[in-house]
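Trainee: Structure below; questions to follow.
None of the figures in this text is laboratory data; all of them are computed from the coordinates on show. On a predicted model such as this, the values are computed, not experimentally measured, just so you know. Here the Cβ positions follow ideal geometry from the backbone for every residue, glycine too, while neighbour counts run over all protein chains shown.
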Amino acid sequence: MLQDRWGLDVATDHPAVIEGLNTFDTSFITYGTTAAAIWEAAKTDPACVIAQAKAAALELFLQTGQSVAKARPWLATAEPHLAKATERERLWHAQVSAWAAGDAETAIALTCDLAARWPQDLAAVKMAQFHLFHVGDLAGMLRVAEAALPQHRAMAEMHGMLAFGLEEMNRLDEAEAAARQAIALKRAEPWAHHALAHVLETQGRCAEGLETMLGFSDTWSDRNSFMRSHNWWHAALFAIDSDQPDAALRLYDEQVWGVWKEYSQDQVNAVALLARLEFAGLDVGERWQDVADYIERRGPEHVEPFLDAHYLLGLSRAGRDAAVQTLLTSLRDHVASQAEQQLMGRIWRQVGVDLAEGVAAYGRGEWRQVFEKLPPALQGLQQIGGSHAQRDLFWQLWLQAGARAGARDAIKPHLERRIRDRPSVEKHRREFAALLKI
């Protein structure tokens, strides 16, 4: 037995494996670029169960159609050695196995158990938040962070996790305090920057938000593509809301799109920003085509409804009608194959299909269909994961479609609420006037 960076036992005799595990955990909680060290560590000691589990987890994080197939051999390699592993290692293996099997409910239960029993394992706490976030259990995200806080009060990353959980629960003042505490401990804490951006965005403090994010941006260049591009995405949203859409377009070209065009989350950032730039009245030219090229290469994958909805919007805005129909047909078949008793099966049925069909209709300019298809999905939208700011894209699609479908009375209260919630954002008043005139 050796110990990892959390002071917990690992069933291995190889110091190199411990180094690989520590590198993975550090990269995971800081959004670094060295997580792939776990693959070499897992090869070094095939009997190390937790190394195999984390190697499989990294495959699943990549969110491709091949991720599950690539994860399974790592998990299978560990199985003959489970009896010699520690209980914590077995739980890591079990929760990643459930994740690979599409059993989100079991993966969440096991990971929350991990985080509760070994709160010193901050990677387990982060993993629990990850799983909970992807099914919209915002209270659960906050609960696991608060439970682990006493073990990690000196760690900036812990306060960043807490800040995001507080923000998603709309406890904005506490979220801002936690984010600033994280940054005081370590200026280069990108998840705390991210949580702070959400607070400032929700409160309509857009000029301050843009200045704040630009002020921290020098610390993002060595983070992984998601964290780097996503924080720049937030900066671009502040630029749009501060009536600087041309600046937001420059950020799209220079920072948001192009870090890792093949990655799902980078594609999501690109799609969501291009749509918002169009809402702001900009002609984005051929940019949809570039994004759609990479999305179309993925083929139908159905990792989660959140991703498929963005892919469909990107493909449809680029005029890739055949690819849209292929994805929709495959999605319906996928949903039909999902077990109704499983959490993800319920989410696909209750939200995923209507959301996908509504988004695809938006891309085709079928405004009435969008207006009628999206509301059932919007009511359960939190279940698909994504933050409040990310999910707001689909509400904006509905508002745009409602205006064009002549449903002014239906959309008016929602537009008025935006003005009330963020009274300092002048853009909302202009949108109100413009959409009601369409």
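Trainee: What are the residues in the stretch 33-50 that are closer than 28 Å to residue 222 by Cβ, touching a His at 6+ places or on another chain (Cβ under 9 Å) and of a type in the set (Val, Ile, Thr), if any?
Mentor: 44, 50
Trainee: Go over the candidates 276, 320 one by one and state the one that is surrounded by 15 or more Cβ atoms within 10 Å (Cβ to Cβ), under 22 Å from residue 234 (Cα atoms) and basic (Lys, Arg).
Mentor: Numbers: 320 fails: under 22 Å from residue 234 (Cα atoms).
Of 276, 320, the one residue that is surrounded by 15 or more Cβ atoms within 10 Å (Cβ to Cβ), under 22 Å from residue 234 (Cα atoms) and basic (Lys, Arg) is 276.
Trainee: Next up: Filter the stretch 1-35 down to the residues that are among the small types (Gly, Ala, Ser) and touching a helix residue (DSSP H, G or I) at 6+ places or on another chain (Cβ under 7 Å), then identify the one that is surrounded by the fewest Cβ atoms within 10 Å (Cβ to Cβ).
Mentor: Per the stated criteria, the residue is 16.
Trainee: Name the one entry in 184, 239, 195 that is under 17 Å from residue 166 (Cβ atoms), out of contact with any Cys (no Cβ under 7 Å at 6 or more places or on another chain) and buried (at least 23 other Cβ atoms within 10 Å of the Cβ).
Mentor: On the way: 184 fails: buried (at least 23 other Cβ atoms within 10 Å of the Cβ); 239 fails: under 17 Å from residue 166 (Cβ atoms).
Matching residue, one of 184, 239, 195: 195.
Trainee: Return only the number of the condition from (1) more than 22 Å from residue 132 (Cβ to Cβ); (2) assigned to a helix (DSSP H, G or I) that residue 348 does not satisfy.
Mentor: The number of the failed condition is (1).
Trainee: Does residue 228 fit the bill of being touching a Pro at 6+ places or on another chain (Cβ under 6 Å) and under 15 Å from residue 269 (Cβ atoms)? Write out each step before concluding.
Mentor: Values: touching a Pro at 6+ places or on another chain (Cβ under 6 Å): no; under 15 Å from residue 269 (Cβ atoms): yes.
For residue 228, the condition - touching a Pro at 6+ places or on another chain (Cβ under 6 Å) and under 15 Å from residue 269 (Cβ atoms) - is not met.
Trainee: Go through the residues of the stretch 262-270 one by one and say whether even a single one is in contact with a helix residue (DSSP H, G or I) (Cβ under 9 Å, 6 or more places away or on another chain), farther than 26 Å from residue 36 by Cβ and either part of a helix (DSSP H, G or I) or among the charged types (D, E, K, R) (or both). Spell out how you get there, then give the answer.
Mentor: Going through the stretch 262-270, the residues in contact with a helix residue (DSSP H, G or I) (Cβ under 9 Å, 6 or more places away or on another chain) turn out to be 262-270.
Imposing the further condition that a residue be farther than 26 Å from residue 36 by Cβ reduces the set to none.
Checking the stretch 262-270: not a single residue is in contact with a helix residue (DSSP H, G or I) (Cβ under 9 Å, 6 or more places away or on another chain), farther than 26 Å from residue 36 by Cβ and either part of a helix (DSSP H, G or I) or among the charged types (D, E, K, R) (or both).
Trainee: Under 23 Å from residue 191 (Cβ atoms), among the β-branched types (Val, Ile, Thr) and touching a His at 6+ places or on another chain (Cβ under 7 Å) - does that describe any residue in the stretch 94-104?
Mentor: There is no residue in the stretch 94-104 that is under 23 Å from residue 191 (Cβ atoms), among the β-branched types (Val, Ile, Thr) and touching a His at 6+ places or on another chain (Cβ under 7 Å).
Trainee: From (1) buried (at least 24 other Cβ atoms within 10 Å of the Cβ); (2) closer than 23 Å to residue 242 by Cα; (3) in contact with a Phe, Trp or Tyr (Cβ under 9 Å, 6 or more places away or on another chain); (4) of a type outside the set (A, V, I, L, M), pick out the condition that doesn't hold for residue 131.
Mentor: Evaluating residue 131 over (1) buried (at least 24 other Cβ atoms within 10 Å of the Cβ); (2) closer than 23 Å to residue 242 by Cα; (3) in contact with a Phe, Trp or Tyr (Cβ under 9 Å, 6 or more places away or on another chain); (4) of a type outside the set (A, V, I, L, M) leaves (2) as the failure.
Trainee: Moving on to the next point. Name the residues in the stretch 166-193 that are under 17 Å from the mean Cα position of the chain (by Cα) and small (Gly, Ala, Ser), would you? Working first, answer last.
Mentor: First pass over the stretch 166-193, keeping only residues under 17 Å from the mean Cα position of the chain (by Cα): 166-169, 190-193.
Passing the criteria: only 192.
Trainee: So how many residues does the stretch 298-344 have that are more than 19 Å from residue 390 (Cβ to Cβ) and among the hydrophobic types (A, V, I, L, M, F, W, C)?
Mentor: The total comes to 11.
Trainee: What is the number of the single condition among (1) part of a loop (DSSP other than H, G, I, E, B); (2) within 22 Å of the chain's Cα centre (by Cα) that residue 319 does not meet?
Mentor: With respect to (1) part of a loop (DSSP other than H, G, I, E, B); (2) within 22 Å of the chain's Cα centre (by Cα), residue 319 is out only on (2).
Trainee: Run residue 354 past the list (1) of a type in the set (Asp, Glu); (2) closer than 25 Å to residue 267 by Cα; (3) out of contact with any helix residue (DSSP H, G or I) (no Cβ under 8 Å at 6 or more places or on another chain) and report the number of the one that doesn't hold.
Mentor: Going through (1) of a type in the set (Asp, Glu); (2) closer than 25 Å to residue 267 by Cα; (3) out of contact with any helix residue (DSSP H, G or I) (no Cβ under 8 Å at 6 or more places or on another chain) one by one, residue 354 breaks only (3).
Trainee: Which is surrounded by fewer than 15 Cβ atoms within 10 Å (Cβ to Cβ), over 18 Å from the mean Cα position of the chain (by Cα) and within 30 Å of residue 67 (Cα to Cα), of 286, 254?
Mentor: Every option except 254 fails the conditions.
Trainee: Also, quick follow-up: Cβ-Cβ under 7 Å, sequence separation 6+ or interchain: first residue in the stretch 71-88 and touching a residue at least 24 places away in the same chain (Cβ under 8 Å) and under 16 Å from residue 4 (Cβ atoms), partner among the acidic types (Asp, Glu) and surrounded by fewer than 22 Cβ atoms within 10 Å (Cβ to Cβ). Which pairs?
Mentor: Note: pairs meeting the criteria are 86/9.
Trainee: When the stretch 257-283 is examined, which residues are found to be among the basic types (Lys, Arg) and within 17 Å of the chain's Cα centre (by Cα)? Quick ask: steps written out before the conclusion?
Mentor: Keep residues of the stretch 257-283 that are among the basic types (Lys, Arg), which gives 261, 276.
Selection gives 261 alone.
Trainee: Scan the stretch 229-243 and report the pairs whose first residue is outside any helix (DSSP H, G or I) and whose second residue is surrounded by 24 or more Cβ atoms within 10 Å (Cβ to Cβ), with Cβ atoms within less than 7 Å and a gap of 6+ or a chain change.
Mentor: 242/210
Trainee: Another question, if that's okay. Tell me, which helices (runs of 4 or more DSSP H) lie completely within the stretch 373-438 with 1 or more residues that are more than 28 Å from the chain's Cα centre (by Cα) and within 23 Å of residue 354 (Cα to Cα)? Spell out the reasoning first.
Mentor: Values: elements: 388-404, 408-421, 426-437.
Passing ranges, in order: 388-404, 408-421.
Trainee: If you don't mind, there's one more thing I want to ask. Can you tell me which condition residue 273 does not meet? The list is (1) touching a His at 6+ places or on another chain (Cβ under 6 Å); (2) part of a helix (DSSP H, G or I), and all the others hold.
Mentor: Just one mismatch for residue 273, condition (1).
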